[in-house]
Amino acid sequence: MADRPHKAHRPAQSGAKADKKDKGKEKQQGFNEKAFAPKSGRRADRQGRRNIERDQTRLHVPLVNRTPDNEPPPVIVAIVGPPGVGKSTLLKSLVRRYTKQTLNEVKGPVTVVSGKKRRLTFIECNNDLNSMIDIGKIADLVLLMIDGSFGFEMVNSIILPPETFEFLNILQSHGFPKVIGVLTHLDLVKKAATLSSTKKALKKRFWTEIYAGAKLFYLSGVLNGRYPDTEVMNLSRFISVMKFRPLVWRNTHPYLLADRLEDLTPREQIRQSNKKCDRTVTLYGYTRGTHLRPSSSVHVPGVGDLHIKSVTLLSDPCPLPDADSEKRRKLSEKKKLLIHAPMSDVGGVVYDKDAVWVNVPGSFTRGNGDVPQGEGEQMVMDLQDVDATLEDSVAQSHIRLFGSSSNHLMVDPSRNEVLHEDEDLEGDDNEEGSNEESDPDEDEDEDDDGMNDNSEEPQINDRADRSGQDVEYADSDSDLGDDFHDNRIPDEDDEEDDIPSDEGSDSGDEDEEDAPRWKLNLASQAHDSFQLHSRKNRQKDWMKLIYSSSLTPSQILQDEKAANHEDDEADDDDDDFFKLQKGSILDDEHIDMTKDILTTDDLKAWGDEEMLDSIRGLFITGSHDAAEGEATAADDEHEDLEGGDFEDLEADTTNAEAEPSRPSLNGNPESSGASALAAKKEALKRKFDEQYDDPDSSKLDFYETQKDEISRQLQLNRAEFEGVDAESRALVEGYRPGSYVRIELADVPCEMIEHFDPTYPIIVGGLLPAEERFGYIQVRIKRHRWYTKTLKTNDPLIFSLGWRRFQSVPIYSLDDHSIRMRMLKYTPEHMHCYATFYGPVAAPNTGFCAFNSLAGESPGFRVSATGVVLDIDRSTKIVKKLKLIGVPYKIFKNTAFIKDMFTSALEVAKFEGANIRTVSGIRGQVKKALPKPDGSYRATFEDKVLMSDIIFLRAWYSIQPRKFYNPVTSLLLSDKSHWARMRLTGQVRRDEGLKTPLNVNSTYKSVDRPARRFNTLKVPKKLQATLPYASKPKLMKPQRRQTYMQKRAVLLEPEEKKAIALLQQIRALRKDQVVRRKEKQNERKEVHRKKAEKEEAKKTEKEKEKRKDYMRVAGQKSKREADLEEGRGGKRRRT
Amino acid sequence: MAHSGSLIHFSGHQYLRNRLVLSILSGKHVRVDKIRSEDKNPGLRDFEISLLRLLEKVTNGTIIEISVTGTAILLKPGIILGGPVSHECPLSRSIGYFLEPIIMLAPFAKKPLQLTLRGITTDDHDLSVDLIRTVSLPHVQLFGISDGLELRIKKRGSPPSGGGEIQFLCPVVKQVKTLNFIEPGKIKRIRGIAHAVRVNPQFSNRMIEASRSVLNRYIPDIYLYSDVYKGEESGKSPGYALSLLAESTTSAIHCSEAVSQPGVPPEDIALHATRALLDEIKQGGCVDRKHQTLVLLMMVLGSEDVGRCRMGPPTLRTIQFLRDVKDFFGTSFKIVPAEPSDASSTELVYSCYGSGYDNVSRRLA
């Protein structure tokens, strides 16, 4: 019976049960409306309200996100935590997860591709406060690492290291990026119950600090020097779906996290100056925030304000997967290996300060031919075979640009080497770019003048292709352009007159040493497109004329107004032109005026009826056809020429209302006009339908309209420069966020290179025009509640404001009844106050935090204050109270003469009419100086003052903050964490052994107030007699005799006596009872006390033991940490 | 301090106003030398010095150094302060000369500006106060500066003796709006102001008549106001002028003006103004030629977005202005023909990336 197998369950195939089952399945599929329908009206109401409220929480202030959607810059993931918590291990694990590579040593940022649309830049933050501040300003996502094992025995009072909280406060004042907490060392907690309670407590603490619901990850022990793969994978998944809200500061400033640094200073110069000359440095990185303008100033935190010498766009070293790999569902293995970490040793390649080192551990060596080699490896191996430099080989080779040309390509020896390097780097890009740009133009050129036969076309393209690879691109383009013109322009002879030949402009550019190369290229391009349009009425390339030619404005306009302004040469350039004899007649013409002088002759044409009729089309009453006809008259001829850049431009224009009116470029005018009209009608009809059907739907709420507006503008931003080539695009809009650029900085202090340490982040923060200025900054400030000391006016404070970290001397103040800003000696407790200091300007509403010391060894919480900028000005109005004291020396009725307040009549004159007051509150006024004692004056009061009164004059004395600005140049130090700041006053005194100066008048002395004795009032007898009774002094002698009440005797009745005796007895009994009771109670108390004492002793014993235990654990831990510190190189936690 | 890189150097007295404005807005120091150094009467003129004084009044912390000969100046700009300011303009230039740069600065002040200027209200060289009120201010309004923007003409003053007075009120903004104005539209109305002071009031009617004789053919919506000031308000010298403006369906404005000249009948003045207006309309674009620099400047000062505007070909001042803007703000414009297919069209589309200029001097709360 027992071994017989059970019958398998057979579900019912039919009947009620089967029906029921199917029904249930059906239900689960869709959303069951009934299940969530409210039962009562009230409930429905509540639910509705809740929904609306929930919708409102979804809304945020619409902010423009300036980071482009396609090709965004890598997300900066900063890993922050105290030493020994496992930052490097986590970074290595994450890098391993994305690239399948193990890094030995992590230095500087590491960029990896994490997905189809996302790249990540990991950076580890060291324990220096300066680094934490800088990282906090740029990190998009912070992995905040917390040691879970630390203090796990005292679960109820979890102690996080102060650096963690300092970092959170820094984040808060500079815009809060996303934070994910990562708990490590949880494997050290052995007991399951303790573990869960630790997690719980830490989560609670973390949530109060960040926000309820902030993500917290738990990482257990280390395996093979990494965290468990599954846990890291979970973390990486969270990172990859993270969404980022734009932060205001980063959305208004361009910035860059440098992942590579090179020194371009000539070696010889460094040698001659004994390594002390200013350096020319290039920094590499992805631009972030807004567009980086080449001409802007930048601030490198820790170094100072620097000027960008040049910006070069480089090819992306870590590109996102492109279109063909996009087709595949998964990321291919090859792409996954993409990693860009120039400062670390990745793949055996180390980018050093000034060189690139290739490590050859054996993978690139010959011999193992059976191993399939990648393209890169092959290239490196080929490099080993090369015995001549590229220059030599090019010089030796005979490359011909055209099949037909007889001269082969020559290498210009004077070429700049630096440029050459770049060319190699961005070879691919240029090739594509030049292809795109040159092709259509050339096609048009041919069609245009019909001189070049078709057989030449492939050669031209060939030339363009090669120029990208071999010859420096911009130069070659313009050179060849010249050749072309020389060959085929002769019939268009007027060209040379209008436009300065390219030779001319080139040489002009070369005169200025740093002329950007785009100019050359632009010139040739502009010239090409110019030719396209210089047909009947020549349309100029205004951009070229204005920005890259040295013509004066009048010369540019000259051919249009040739007749008018013949002698109107600009006076800017012709200084040697002697024109004194023309005198003031000339001066009239050169007057700086807004109106153009139109002479009657200019306008004579308007007397003509035909001329008057010609502009009828520009008025609403004018016929539609007239204008259309005029506008599109020349269309027919141009039809075949259309294409290239302009077509792109027009096609991309998304402005809806602009479309209909603009004649379509490709169709003929009639049909285009008709289609435009049809489109317009269609739109109108749709609009009407919408409004008729549902009048409310067309009205968007404020939030929606704002969002629409923002997205429309962003689309326009993208579309406007889509077709423009990269170089002129950089001119107009700068370098887009997400592009990998090389920034060349001049005059960089040599210490930055000498003491370069890749573990300290280098940030290049772009400055807006206003931020280069200096001024007085008024801020709202609050001392941090965890900062133990109070802040004192005129004590230097280190501010982290904008990109900058600097020391300045603030003056604290409070608004006194909106009348004056009154100086405070110290910051108030638990209250905001104002502070004013001198420094570089930052826009109002910028947050900041302040520190007294950035050094690591300073005890306690280092963030001393936080606040926000309120106002920028060039002067301040802070006052402090000044009380002038004087005494009366002669008193009349309401007038008194006051001395000792001023020292001269002049001073008195300055204070005439000022309000004064006595201590007792009698108010008065300064009248006029008196001649005799110097500085004495006549004053009137509302009542008679006494000689013993002191007279006050309350005045306000204005003070200015000191003009002190000291940037924190931490990156220039060899020991980066020990920046020597300006010392606080007290510290200086302590160091110098000085005593605090003490004003004698300010010392407190015990006030000696002798009791005033008043003599008795003696009224003469005679006078007393004459006084009326009411005024007579009423003096009475004490009574001599006993009164009746005193001298009477009291006799008791017998029953009274008895009663009293009884009462006495009862009282006595009672007393005795109380005494006995008390005695007994004392006895009981004594017993209890003894018992309690015993217990107390036991308790303290226990406490002692407990503390001992804890200290022992803590000591072990600190010892472990110290060990880790020592063995920095091989710091790997063994579990 | 670290200002050494921010000094910009110019020579020559031309375009001085724009350069001073750009310097104050960008905060970059500017040095202008060779100011009429070759002239019989070298150095700064009285109106230029007066302008510098006005700028000093409007700003806080501005340092202006003028060389001994007056042929070189160095401007270290402070912040724009605003508030109540009054200024006496010299009789060598009209109020327009002083007001034009102030209009560019005032929106970025700390406090709303209430500026009173006294002098000549209308002359040949600069925009008259009528045009500034009816044309320049609407152009500024395109950029979201509208609430409280006002110009009051208290008294008129003709050259040579002047005696006019105006009051200019301007609010402050945090950031100007991005302009996207590429539809010129068609002219839908024409307005005009004919004023006559200390002459026969019939003069203004005669000007209106003459102007209407030309303009009536185009549209019916023409109102030309006759604005006669009497007594105290009419200034110290006789004079009359006609200012015209044409507004399109998309509120693009074109304007022109003609001022009385001795010995020229008012009809001719009116005809001159009318024909100048037609000339201006023919130039096309969304912005009047005289206001190109104003609009371009505001476009540069916009948020970091693409602003576009369609205008006629640049004038001399505009070309130099574009170059100066590049020196001060590093912003270049993309300038392409508005209708590349139409060879006869001279209209251009100017587009630029705003520099994200924020009014930092404005106080928070």
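The values are calculated or read from the model by the stated rules, or taken from the named source; none is laboratory data. Since the model is a prediction, treat every value here as computed from it, not as a measurement. So basically every Cβ, Gly included, is an ideal-geometry build from the backbone, and we count neighbours across all protein chains shown.
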Original post:
Does B:L55 satisfy being within 12 Å of chain A (Cβ to nearest Cβ) and under 21 Å from the mean Cα position of the chain (by Cα)?
Top reply: no
Subject >> Failed item in (1) in a loop (DSSP other than H, G, I, E, B); (2) in contact (Cβ under 8 Å) with a residue 12 or more places away in the chain; (3) out of contact with any strand residue (DSSP E or B) (no Cβ under 7 Å at 6 or more places or on another chain), with B:P220 passing the rest >> reply: (2)
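Results for (1) outside any strand (DSSP E or B); (2) small (G, A, S); (3) modelled with pLDDT of 90 or more; (4) over 29 Å from A:L973 (Cα atoms), shown as yes or no for each residue.
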residue: A:R785; (1), (2), (3), (4): yes, no, yes, yes
residue: A:K789; (1), (2), (3), (4): yes, no, yes, no
residue: A:F799; (1), (2), (3), (4): no, no, yes, no
residue: A:Q807; (1), (2), (3), (4): no, no, yes, no
residue: A:M821; (1), (2), (3), (4): no, no, yes, yes
residue: A:G839; (1), (2), (3), (4): no, yes, yes, no
residue: A:A842; (1), (2), (3), (4): yes, yes, yes, no
residue: A:S864; (1), (2), (3), (4): no, yes, yes, no
residue: A:V869; (1), (2), (3), (4): no, no, yes, yes
Original post:
For the stretch B:341-352, which residues satisfy the criterion of being within 7 Å of another protein chain (Cβ to nearest Cβ) and modelled with pLDDT of 90 or more?
Top reply: B:L348, B:S351, B:C352
Original post:
Any residue in the stretch B:118-132 that is in contact with a Ser or Thr (Cβ under 7 Å, 6 or more places away or on another chain), in a helix (DSSP H, G or I), in contact (Cβ under 8 Å) with a residue 40 or more places away in the chain and surrounded by 19 or more Cβ atoms within 10 Å (Cβ to Cβ)?
Top reply: yes
Original post:
Given the conditions (1) at pLDDT below 85; (2) more than 30 Å from A:Y735 (Cβ to Cβ); (3) assigned to a loop (DSSP other than H, G, I, E, B), which single one is not true for A:P62?
Top reply: (2)
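Within the stretch B:97-106, is even one residue within 11 Å of another protein chain (Cβ to nearest Cβ) and of a type in the set (V, I, T)?
If we filter the stretch B:97-106 for residues that are within 11 Å of another protein chain (Cβ to nearest Cβ), which is where we start, we get B:97, B:99-101.
Add one more test, that the residue is of a type in the set (V, I, T), and what stays is none.
Looking for residues that are within 11 Å of another protein chain (Cβ to nearest Cβ) and of a type in the set (V, I, T), one finds none in the stretch B:97-106, hence no.
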Original post:
Across the stretch A:874-901, what is the number of residues that are touching a Phe, Trp or Tyr at 6+ places or on another chain (Cβ under 9 Å) and closer than 27 Å to A:T790 by Cα?
Top reply: 8
Subject >> Hits in the stretch B:79-96 - residues which are facing chain A (nearest Cβ under 10 Å) and not small (G, A, S) >> reply: B:I79, B:L81, B:R93
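Pick out the one residue from A:R267, A:R250, A:R293 that is assigned by TED's automatic domain parsing to the domain that holds A:I135 and either among the hydroxyl-bearing types (S, T, Y) or more than 29 Å from A:S344 (Cβ to Cβ) (or both). Full working, then the answer.
On the way: A:R267 fails: either among the hydroxyl-bearing types (S, T, Y) or more than 29 Å from A:S344 (Cβ to Cβ) (or both); A:R250 fails: either among the hydroxyl-bearing types (S, T, Y) or more than 29 Å from A:S344 (Cβ to Cβ) (or both).
Just one listed residue meets the conditions, A:R293.
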**OP:** Could you please tell me which pairs satisfy a Cβ distance under 6 Å, a separation of 6+ or placement on different chains, a first residue in the stretch A:971-992 that is within 21 Å of A:L129 (Cα to Cα), and a second residue that is among the acidic types (D, E) and surrounded by 13 or more Cβ atoms within 10 Å (Cβ to Cβ)?
**Re:** A:L972/A:E751; A:S977/A:D128; A:L984/A:D795
Original post:
Taking the stretch B:184-198 as the region of interest, how many residues are within 11 Å of chain A (Cβ to nearest Cβ) and of a type in the set (A, V, I, L, M, F, W, C)?
Top reply: 2
Original post:
With respect to the numbered conditions (1) more than 10 Å from chain A (Cβ to nearest Cβ); (2) under 21 Å from the mean Cα position of the chain (by Cα), which one is the sole condition not fulfilled by B:G43?
Top reply: (2)
Original post:
Only one of (1) surrounded by fewer than 23 Cβ atoms within 10 Å (Cβ to Cβ); (2) more than 7 Å from chain A (Cβ to nearest Cβ) fails for B:L316. Which number is that?
Top reply: (2)
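Can you tell me how many residues within the stretch B:217-259 are among the aromatic types (F, W, Y) and crowded, with 24+ Cβ neighbours inside 10 Å? Talk me through it step by step, then tell me what you get.
Going residue by residue through the stretch B:217-259, those that are among the aromatic types (F, W, Y) are B:218, B:223, B:225, B:229, B:240.
Among the residues that remain, those that are also crowded, with 24+ Cβ neighbours inside 10 Å are: B:240.
Summing the residues that are among the aromatic types (F, W, Y) and crowded, with 24+ Cβ neighbours inside 10 Å in the stretch B:217-259 gives 1.
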**OP:** Tell me the helices (runs of 4 or more DSSP H) entirely within the stretch A:166-271 that contain at least 2 residues that are surrounded by fewer than 16 Cβ atoms within 10 Å (Cβ to Cβ).
**Re:** A:192-209, A:229-241
Subject >> Subset tally (residues that are surrounded by fewer than 18 Cβ atoms within 10 Å (Cβ to Cβ), more than 12 Å from chain B (Cβ to nearest Cβ) and in contact with a Leu (Cβ under 8 Å, 6 or more places away or on another chain)) for the stretch A:281-310 >> reply: 0
**OP:** Report the residue count in the stretch A:722-776 for those that are within 30 Å of A:P810 (Cβ to Cβ), within 11 Å of chain B (Cβ to nearest Cβ), touching a helix residue (DSSP H, G or I) at 6+ places or on another chain (Cβ under 9 Å) and not hydrophobic (A, V, I, L, M, F, W, C).
**Re:** 3
Original post:
Can you name the number of the only condition in (1) within 30 Å of A:P844 (Cβ to Cβ); (2) crowded, with 20+ Cβ neighbours inside 10 Å; (3) in contact with an Asp or Glu (Cβ under 7 Å, 6 or more places away or on another chain) that B:R363 fails?
Top reply: (2)
Original post:
Identify, please: which residue in the stretch B:321-340 is more than 8 Å from chain A (Cβ to nearest Cβ) and among the aliphatic types (A, V, I, L, M) and is, among those, farthest from B:M311 (Cα to Cα)?
Top reply: B:V325
Original post:
Which one of these does A:D1008 not meet: (1) surrounded by 12 or more Cβ atoms within 10 Å (Cβ to Cβ); (2) in a loop (DSSP other than H, G, I, E, B)?
Top reply: (1)
**OP:** Could you pull out the residue among A:S904, A:S864 that is away from chain B (no Cβ under 14 Å) and either surrounded by 18 or more Cβ atoms within 10 Å (Cβ to Cβ) or closer than 30 Å to A:Y787 by Cβ (or both)?
**Re:** A:S864
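Output the residues belonging to the stretch B:16-36 that are among the polar types (S, T, N, Q) and within 8 Å of another protein chain (Cβ to nearest Cβ). Show your work before the answer.
Applying the first criterion (among the polar types (S, T, N, Q)) to the stretch B:16-36 yields B:18, B:23, B:26.
Within the stretch B:16-36, just B:S26 meets the criteria.
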Subject >> Inter-residue pairs, beta-carbon under 9 Å, first outside the structural domain of B:E56 (by TED's automatic domain parsing) and in the stretch B:21-45, second acidic (D, E) and buried (at least 23 other Cβ atoms within 10 Å of the Cβ), 6+ apart >> reply: none
**OP:** Being more than 8 Å from chain B (Cβ to nearest Cβ) and part of a helix (DSSP H, G or I) is the filter; apply it to the stretch A:593-606 and report the residue that is surrounded by the fewest Cβ atoms within 10 Å (Cβ to Cβ).
**Re:** A:K604
**OP:** Would you mind stating whether B:I49 is more than 23 Å from B:L316 (Cβ to Cβ) and either touching a helix residue (DSSP H, G or I) at 6+ places or on another chain (Cβ under 7 Å) or surrounded by fewer than 17 Cβ atoms within 10 Å (Cβ to Cβ) (or both)?
**Re:** yes
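Specify which of the listed residues (B:V140, B:V173) is within 14 Å of chain A (Cβ to nearest Cβ), modelled with pLDDT of 90 or more and crowded, with 18+ Cβ neighbours inside 10 Å.
B:V173
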**OP:** Kindly indicate whether any position in the stretch B:199-216 is touching a Lys or Arg at 6+ places or on another chain (Cβ under 9 Å), within 9 Å of chain A (Cβ to nearest Cβ) and either buried (at least 20 other Cβ atoms within 10 Å of the Cβ) or among the acidic types (D, E) (or both).
**Re:** no
